[in-house]
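Have a look at the structure below before the remarks.
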Amino acid sequence: MNPNSHIFIYVHKITPRVKYIFNLIFKDSLGLAFDLTNSIEDFRLYEGNKLSYSNQEIDSEFHISAHHLLFESGIKEQTIQMQNHEAYGKYFFKTYNNALPFDLFAASFYLVSRYEEYLPFIPDNFNRFEAENSLSYQYDFLRIPLVNVWITEFEKVLLKKYNNLIITNKSYSYVSTIDIDNAYKYKQKGVMRTLGGYLKSLVRFDKHDLIDRTSVLLKKEKDPFDSYDYQLEIQKKYKLKVIYFYLLGDYGMNDKNHPSNNYNFQKLIKHLSDYAGLGIHPSFRSNDKPMQVKIEMNRLANITHREIFNSRQHFSMLKFPDTYYTLLELGITNDYSMGYSLHNGFRASICYPFYWYDLDDELETGLKIHPYCLSETSLRYTDKATPQTIVEMAKPMIDEVKKYNGELVTIFHNDTMGTAQEWIDWKNVYEDIVQLAVSK
């Protein structure tokens with residue numbers, strides 16, 4: 001082990017929370033190995049790079065005063081007093097007489113673990129935790145990966161103290177994810193749904209829908225949601241990493257994809273899986289019936305002859321800890337649900353993948369969380385972006401991820417890249433975002 005890439009840390013009490021957040025900040029973010037000790041004598045004798053994280057300073061070492069959060073267990077209401085700092089931006093858990101103006105580790109743990117989502121809150125109509133309930137929204141840092149800001153400033157302080165330290169920074173990466181909630185607008189719907197569609201159009205006097213539906217069914221026009229050739233063209237042109245998330249739930253009010261046994265739907269899934277990664281998009285209904293996720297995963301596995309390790313919740317239906325318990329039990333290793341369905345930004349205030357910490361059982365799990373920060377539906381409906389303003393509205397968040405060498409995850413849907421009337425002007429927005437994402 002290179003001593004210049006190692007740091008020795010005194011902690012008065014070594015807890016799972018301490019180990020978790022030190023892993024995230026030192027090992028995963030800064031590329032530093034570390035050892036923990038609760039022996040004051042061993043710490044004093046150590047002659048290399050070291051710091052103490054405790055209630056009181058031992059000698060005149062690099063010292064960070066500890067807030068009580070990382071030494072507790074269970075969920076308790078925390079007192080949050082937001083402060084402002086020129087370098088660190090917003091921060092809380094203020095401390096005194098140490099190398100930092102606040103407890104970086106406790107504050108980072110609070111945000112990344114989503115501690116606030118375990119506390120009582122007023123849910124939205126779908127029983128979700130809304131962005132408006134979060135610290136990041138209320139204190140206006142939702143669109144900044146604040147934990148990354150803190151880590152970057154902490155790195156500067158560390159290097160100023162120990163200029164021989166070898167920091168290994170991450171590399172920026174981009175993952176384009178595409179949800180297939182409804183593979184086709186008119187095709188492959190079956191007799192009853194097709195007749196029902198015609199009836200709705202007649203009742204609404206929707207002449208355009210009647211004409212479009214008939215043209216598609218007579219194979220005179222391409223289905224409006226069939227944008228797959230375009231997606232593959234963009235993927236090849238920009239050499240993208242793409243993951244498709246397939247909704248394979250039973251038909252319902254909020255689950256309206258095609259039956260999983262539909263031959264042409266299966267053919268589409270197999271075709272796309274030849275070029276891209278895949279994951280399950282657990283149905284809305286599965287939130288009340290967790291074992292439904294297993295059924296849907298088996299459907300996808302049987303179609304593709306692959307094991308399923310990736311997941312993203314339909315409607316971003318993420319509830320702590322239940323959602324992640326289900327995914328872990330079913331063998332999911334990577335989840336892409338960490339974001340708000342109605343607001344772009346950084347739900348966990350970080351743009352790095354990280355492992356989920358289970359606050360109920362107080363342990364770091366093997367489920368890796370890949371936060372997303374940008375979706376075309378939020379840009380349009382919440383941010384009121386237009387195809388003409390999309391670049392200027394999306395660029396600041398993309399630049400934030402690049403600045404901190406994070407993993408940029410975007411969400412698009414097949415229907416928004418097609419020729420449906422409501423999205424007709426947005427066809428090229430996907431490429432506009434991709435160009436921003438891959439540019440230097």
| task | Please say if segment 56-113 is rounded, prolate or oblate, where rounded means a/c under 1.5 for a ≥ b ≥ c the square roots of the C-alpha gyration tensor eigenvalues, and otherwise the choice is prolate for a/b larger than b/c and oblate otherwise? | result | oblate
| request: Keeping the other protein chains in place, figure out the carbon and sulfur percent of the accessible area of segment 302-427, with a 1.4 Å probe. | output: 50
| request: Pull out a ≥ b ≥ c, the square roots of the eigenvalues of the alpha-carbon gyration tensor of segment 69-188, then state rounded if a/c is under 1.5, prolate if not and a/b is larger than b/c, and oblate in the remaining case. | output: oblate
| query | Using heavy-atom solvent-accessible surface (probe 1.4 Å) with all chains present, what is the largest-first order of Thr95, Thr382? | reply | Thr382, Thr95
| remark: Computed ³J(HN,Hα) along segment 298-313: with the Karplus parameters 6.51/-1.76/1.60, θ = phi - 60°, integer Hz and x for glycine or proline, the list is 5, 4, 5, 5, 5, 6, 9, 6, 10, 6, 9, 10, 10, 8, 9, 5
| All aspartates and glutamates inside 15 Å of Lys94 as judged from Cα atoms, apart from same-chain residues fewer than 8 positions distant | Glu86, Asp103
| message | So with the 1.4 Å probe, I'd like the accessible area per residue for the chain, rounded to whole Å². | response | 45
| query | Do the sum for the chain: with -39,500 (n - 2.57) for every DSSP H run of n ≥ 4, divided by all residues, what is the mean residue ellipticity at 222 nm, to the nearest 500 deg cm²/dmol? | reply | -9500 deg cm²/dmol
| Under a Cβ-Cβ cut-off of 11 Å, what is the net charge of the residues other than Asp335 that fall near it, where Lys and Arg count +1 and Asp and Glu count -1? | +2
| said: Taking the Kirkwood radius as the inverse of the mean 1/r across Cα pairs, report the Rg/Rh of segment 352-440. | reply: 1.08
| Using the Cα atoms as the points, what is the convex hull volume per residue of segment 10-129 in Å³? | 132
| remark: Note, segment 60-71: 3J(HN,Hα) by Karplus (6.51, -1.76, 1.60, θ = phi - 60°), whole Hz, Gly/Pro = x, goes 10, 6, 5, 10, 10, 5, 9, 6, 6, 4, 6, 10
| query | Which shape class, rounded, prolate or oblate, goes with segment 344-397 when its Cα gyration tensor gives a ≥ b ≥ c as root eigenvalues, a/c under 1.5 marks rounded, and past that a/b bigger than b/c marks prolate? | reply | prolate
| query | With +1 on each Lys and Arg Cβ and -1 on each Asp and Glu Cβ, how big is the dipole of segment 254-372 about its Cα centre, in debye rounded to the nearest 20? | reply | 680
| message | More than 13 angstrom separation, counting every C-alpha pair in segment 1-51; what % is that? | response | 57
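Count the net charge of all other residues whose Cβ sits under 11 Å from the Cβ of Tyr325, scoring Lys and Arg as +1 and Asp and Glu as -1.
Result for the local shell: -4.
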| request: Provide the packing ranking of 103-111, 258-266, 56-64, i.e. peptides ordered by the mean count of other C-beta atoms within 10 Å per residue, highest first. | output: 103-111, 258-266, 56-64
| field | Selection of trypsin sites (Lys or Arg not before Pro), segment 381-413, meeting DSSP coil and at most 12 other Cβ within 10 Å | value | Lys384
| query | Taking θ as phi - 60°, what are the ³J(HN,Hα) couplings along segment 172-180 by the Karplus curve (6.51, -1.76, 1.60), each to the nearest whole Hz, with x for Gly and Pro? | reply | 5, 9, 10, 10, 8, 10, 10, 8, 10
| request: Between Asp124 and Asn264, with labels modelled 7 Å along Cα→Cβ, what's the label distance in nm to one decimal, could you check? | output: 3.3
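Counting only Cα atoms, I'd like the Rg/Rh figure for segment 263-355, Kirkwood definition for Rh.
0.98
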| task | Grab segment 1-91 and count how many Lys pairs have their alpha-carbon atoms under 21 Å apart, sequence gap of 8 or more, or different chains. | result | 7
| message | Less than 23 Å apart at the alpha-carbon level, and either on another chain or at least 8 residues along: which lysines does that give for Lys187? | response | Lys200, Lys207, Lys219, Lys220, Lys222, Lys256, Lys267, Lys270, Lys427
| task | Compute the distribution of all C-alpha to C-alpha distances in segment 298-413, in bins of 5 Å from 0, and list the percent of pairs in each, rounded to whole numbers. | result | 2, 11, 19, 20, 18, 14, 9, 6, 1, 0
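The values are calculated or read from the model by the stated rules, or taken from the named source; none is laboratory data. Quick caveat: nothing in here was measured; it's all calculated off a predicted structure. Positions of Cβ are generated from backbone atoms using ideal geometry, with glycine treated the same way; all protein chains shown enter the neighbour counts. To get the accessible areas, we keep the full protein, side chains included, count just its heavy atoms, and leave off ligands, DNA and RNA. Shrake-Rupley method; radii C 1.70, N 1.55, O 1.52, S 1.80 Å.
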